[in-house]
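So the structure is just underneath, and the comments pick up after that.
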Amino acid sequence: KRKGRDGGGADDDGAGPHSTGETQASKKLKAKDDVVEGSADGGSKQGEEKGHMSKRKAEQLTAFVSNLPYTCEEAQLRDFFSTCGAISYVKMLYDFHKKRFKGLAYVTFSDEAGLTAALELHRKEIEGRP
């Protein structure tokens, strides 16, 4: 047994007077399946049928996009990938010290067909950059 903050013993499974009954493993599993918000129109809505998906699902439907021009904006990316299908979420990476876009982004699609179509655009130019 371990001693908790109150000095009382607690079993190794985390079940003590201040425990919620969740083990570390179940907390990690729960955190892994948190939801990512977003919808095809860029707004956040409630419920999976309106744009929510698990993190695991979002990771499977996300394309990493690099070598983008530093002047690129989210609207340009959405427009460029609009022929691929519905886009759930766009995350553009910024260098906060230099206060500019890094030229890297993650684009999450609503379905596998959208991701597959996006991968077909590999090496296509955006503002003169492949």
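Here are the numbers for this structure:
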| item | result |
| --- | --- |
| Of all residues making up region 57-78, the number that are among the polar types (S, T, N, Q), under 17 Å from the mean Cα position of the chain (by Cα) and under 16 Å from Glu125 (Cβ atoms) | 1 |
| Residue selected from region 112-130 under the condition surrounded by fewer than 13 Cβ atoms within 10 Å (Cβ to Cβ) and assigned to a loop (DSSP other than H, G, I, E, B), by the criterion modelled with the lowest pLDDT | Pro130 |
| Qualifying residue in region 54-65 (condition: on the phi > 0 side of the Ramachandran plot and either outside any loop (DSSP other than H, G, I, E, B) or crowded, with 18+ Cβ neighbours inside 10 Å (or both)) | no |
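The values are calculated or read from the model by the stated rules, or taken from the named source; none is laboratory data. Owing to the predicted nature of the structure, the values given are computational and were not obtained by experimental measurement. Cβ sites come from the backbone with ideal geometry, for glycine too, and all protein chains shown count toward neighbours.
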